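Quick notes on the structure that follows.
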Amino acid sequence: MTAPATTPAPAPERAAPASAVHRLFVVRELGIALALVLLVAVTFAVNTRFLSAQNIKDLLLGATILAILAVGQAIVIITRNVDLSVGSILGLAAFATGTLFVDNPGLPIPVALLAGIALGAVCGAINGGLIAAARVPALVVTLGTLYVFRGLDYTWATGQQINAADMPPGFLRLGTASILGVPVLALFAVVVVVGAGLFLRSYRSGRELYAIGSEPDAARLYGIPVGRRVFWAFVTSGALAGLAGVLHAARFGTIDANAGLGQELNVVAAVVVGGVAIFGGSGSVYGAALGAVLLTTIGSALPVLGINPFWQRAAVGVLILAAIGLDRSLAVRLARRLAGGTDRGR
Amino acid sequence: MAVDTPVREPVTPPRPRGVRGVLGSWDVLVLVALVLVIVVGSMTVDGVGNPRFYRFVILEAIPIALIALPMTLVVITGEIDLSVASTVGLTCSVLGALWQAGVTSLPLLIALSLALGAVLGAVNGVFVTVFGLPSLAVTIGTLALYRGLAYVVLGDRAVADYPVDWARDMIAPLPGTVIPWFVLVVAVLALLFGVLLHATPVGRGLYAIGNNAEASAYSGIAVLKTKFWLFVATGVVAALAGVFWTFRFASARADNANGLELSVVAAVLLGGVSIFGGRGGLLGVVAAVALLGTLRNALQLADVPANALTIVTGTLLIASVVGPNVVRMARGRLRRRRPPEERTQP
């Protein structure tokens, strides 16, 4: 419910649409960043240990995997699609990583990372291939692959569990080590977020994803290879879910076939809270990542604030509703402004 | 650059005539698959022909069957409700809390539960119709919110000290058979929703809304009002499923029916309802629920691990959208004999 700051008189320059769009993004990500700062500040005021070095590290670690998934999901949602299979891909990649280390104890860590990412990319290619080639709705296909990938994971694992003892200590250290107080895992997330952010902002094919999400038919008529772009969006989302799976393995050490179970809707929630429109065409991966951080921070802040942790999911729900409500009102204002600032209505 | 696009238009024609043909044949296909599973199952798997087998299948399928009925109508109007499983959970929690608080009259408990379901559905409806927010995002929000409230109400406790005969009565068979009497409730509701959808102007209106909400509004259909009441109906029926769930297992827990929403959506989509709205029917959905339930239990009896069923569910779901599309594309290609090389990329 952040009251949108009263806009300081119409901008002097006449580039109304561009500046209005720009302002929408600025306001949107600023809003979520403010909410995050506010939450942290209030919690810190209640208990200063909330910002102890160890707790900050835990917060970042907790947000890492969700943030990486959120980046992939944001890219897909921006193209007006959705990927519900990310939780299952994460589980598959995590188990594959564990199995790789069990079978080849001396495996170098980068190879495991690449293997996880490649497995995720293959899963994403299956999603993207079906969606782009057979022209079927992403929600249905990825709901299907959610089951298929998870089923494969179960079949592969057959009830066994991979323990920390089975994995090389160097790999597990990756999950706990930190550089200058920042966990290494969080650095992965930062690289992913910044990389994806630059791509979406400055590259032609990145911009085209927004065009596809705004109006797929228009994008097609304009000559954008919609199918190919959507395909690669899903490959990216899959690869990032694969990466998240490897990091999951490094962080928790213990893996069974349930890793990432039910994560898909949390990821979509993080993306929506981060200001990515559910029907595509607007939003950014920075917002999505901030959304992921906000959602995980709420979880750790509530007990500190003396609120029953059972309120966490309810708070997340309220946050999602508030976020889409805010987006809606911003979009309406923007539409009015684009219509010339007069009372042309909608 | 974009010169070649107009040629592509005939590939996805509006299908004015084919809609009913494809639709009808899909219902039949699911029914045939169901009969096939039953026939082959009872011939090859020990125990599938057994009446007790069907009793168990039905008991297990009742919650999904119940919720799938209103969900079908919701999806036909082009909306979706992902909060249903959380509505079940919250109903269970409140039911348990009321019982503990000393409400011991069964009719009163049921009435209060259904009223709660109506309120929860109305909240979804208000967000979607009054605020104009996308139902996918709204109900992901209320999914978290309602499940969160379920935990707030009951924590991680279970309330299980109901009178023994309540649970027995809930799953009691019809006199002289092994079929649970509750199936009559499902049948009556199926008939109600089926008549509403297929034999009334309101039902035709639902298809019209799903095909083009704006045109429907201009042709005098109360689009928003209809959608609102559909969400309310979904809430009430989900609450009924919650009542059944609580007494069937004689246990009210906040995590009851966790993740059930995707099973329901999967059944609805497998039943031939288009995720974009405007297409599908109740018969196919009921058949799909029965198919999934029978298949699951038959495979379990055949000692096929449960994860294989997960894979089968997912594959069926994907096939249900990819199959018709591929057939349609192939047909379109045959009709426009020998197309130029422009069909290489979708």
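Bear in mind these aren't lab numbers, they're just calculated from the coordinates by the rules spelled out. Keep in mind that what you see is a predicted model, and the values were worked out from it rather than measured. All Cβ positions, even for glycine, are placed from backbone atoms using ideal geometry, and neighbour counts span all protein chains on display.
Key figures for this structure:
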| read-out | value |
| --- | --- |
| Gyration tensor verdict on the protein assembly as shown (Cα atoms; rounded if a/c is under 1.5, prolate if a/b is larger than b/c, oblate otherwise) | rounded |
| Sorted by Cβ neighbour density within 10 Å, fewest at the top, the residues A:Ser329, A:Ser85, B:Ser135 | A:Ser329, B:Ser135, A:Ser85 |
| C-alpha center-to-center spacing [the stretch B:131-152, the stretch B:24-60] in angstrom | 35 Å |
| Taking the stretch A:19-336 and dividing mean pair separation by its residue count, relative contact order in percent (alpha carbons under 8 Å, at least six apart) | 35 percent |
| Tilt relative to chain B, helix B:135-154 - C-alpha long axis, 0 to 90 degrees, to 10 | 10 degrees |
| Loop chymotrypsin sites (Phe, Trp or Tyr not before Pro), the stretch A:222-295 (other Cβ atoms within 10 Å of the site Cβ: 16 or fewer; DSSP) | A:Phe279 |
| Net charge of neighbours whose Cβ lies under 13 Å from the Cβ of A:Val235, counting Lys and Arg as +1 and Asp and Glu as -1 | +1 |
| Computed FRET value (nearest 0.05) for B:Val188 with B:Ala115, which takes r as the C-beta separation and R₀ as 30 Å | 0.90 |
| Other protein chain Cβ atoms within 10 Å, averaged over every residue that makes up B:130-142 | 6 |
| Whole-Å distance, taken between Cα centres, linking the stretch B:262-326 and the stretch A:176-236 | 33 Å |
| Taking B:Lys225, A:Lys57 and counting other C-beta atoms within 10 Å, the order from fewest to most | B:Lys225, A:Lys57 |
| Gap separating the Cα centres of the stretch A:115-168 and the stretch B:165-215, nearest whole Å | 35 Å |
| Angle between chain B longest axis and helix B:282-301 axis [Cα atoms, degrees, rounded to 10] | 70 degrees |
| Protection proxy ranking, peptides B:212-218, B:260-266, B:272-278, B:284-290, average beta carbon neighbours within 10 Å, highest first | B:284-290, B:260-266, B:272-278, B:212-218 |
| Shielding by partners - mean other protein chain Cβ count within 10 Å, residues of A:323-329 | 4 |
| Angle between chain B longest axis and helix B:201-211 axis [Cα atoms, degrees, rounded to 10] | 60 degrees |
| Relative exposure of B:Met170, B:Met71, judged by other C-beta atoms within 10 Å (fewest first) | B:Met170, B:Met71 |
| For the stretch A:85-163: rounded, prolate or oblate by the Cα gyration tensor [a/c cutoff 1.5] | oblate |
| Sequence-separation-based contact order of chain B, relative, with Cα cut under 8 Å and 6+ spacing, percent | 34 percent |
| Under the span-like rule (Cα at least 24 Å along the axis, Kyte-Doolittle mean at least 0.5), DSSP H helices of chain A | A:16-46, A:53-78, A:86-103, A:109-134, A:138-157, A:184-202, A:226-252, A:285-304, A:312-338 |
| For the stretch B:227-344: rounded, prolate or oblate by the Cα gyration tensor [a/c cutoff 1.5] | oblate |
| Exercise: per-residue mean of other protein chain Cβ atoms within 10 Å, B:261-271 | 2 |
